[in-house]
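Values in this text are rule-based calculations from the coordinates and carry no lab data. As the structure is a computational prediction, the values presented were derived from the model and not from experiment. Note: ideal-geometry Cβ built from the backbone for every residue, glycine included; neighbour counts use all protein chains shown.
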């Protein structure tokens, strides 16, 4: 569990990478969640969409997309800055080193049972979402996306807010995913601790 990069840890790593103060960064995220857009150093933060208790934020550095992912209202309303709490962990070198070592795999390299998968791929299609009952008894929306790179294709399982965070034609970066099987076919899954975001550049065909 500790080897996975949480939202607060990932944002702490961004604050270190782009040399922005953790408190100012968190304040900018909160402002963007309320007022559509804010700035923090070289980073621009924009609210793209709101769904239930999640707000999807887009972070850019000039014309470069840094990240796009959902944050909960609970995260943005936290009394103690969750980014600053994680900054100390990141500055000990272990988390930053771990983050930098995340190297994208190619689809041809993916095997069932793999975890902590980092991948870059293009969204080819997204199925219509359907409502399902989870093993915990909750209702959830689920859809399947077909993604590809120059080496192959694989199905990507999308849940709830993940469905509306991507569109056909988007190039996405995925971190901390796992590879499972569904009806005999490989499937890419991004859990609660995983990251799904729009990549800054397109994949060459």
Computed from the beta carbon distance with a Förster radius of 45 Å, FRET efficiency for residue 146 and residue 80 to the nearest 0.05 stands at 0.65
Final fewest-first order of 116, 135, 111, 197 on the 10 Å Cβ neighbour count is 135, 111, 116, 197
Note: residue 72 to residue 108 extended length (0.36 nm per residue) minus current alpha-carbon separation gives 9.6 nm
On the formula 1/(1 + (r/R0)^6), with r taken between the Cβ atoms of residue 21 and residue 180 and R0 of 35 Å, the FRET efficiency rounded to 0.05 is 0.30
Full extension between residue 133 and residue 49 adds, at 0.36 nm per residue less the Cα distance, a length in nm of 27.8 nm
One finds the C-alpha centres of the stretch 45-62 and the stretch 69-85 to be spaced, in Å, by 13
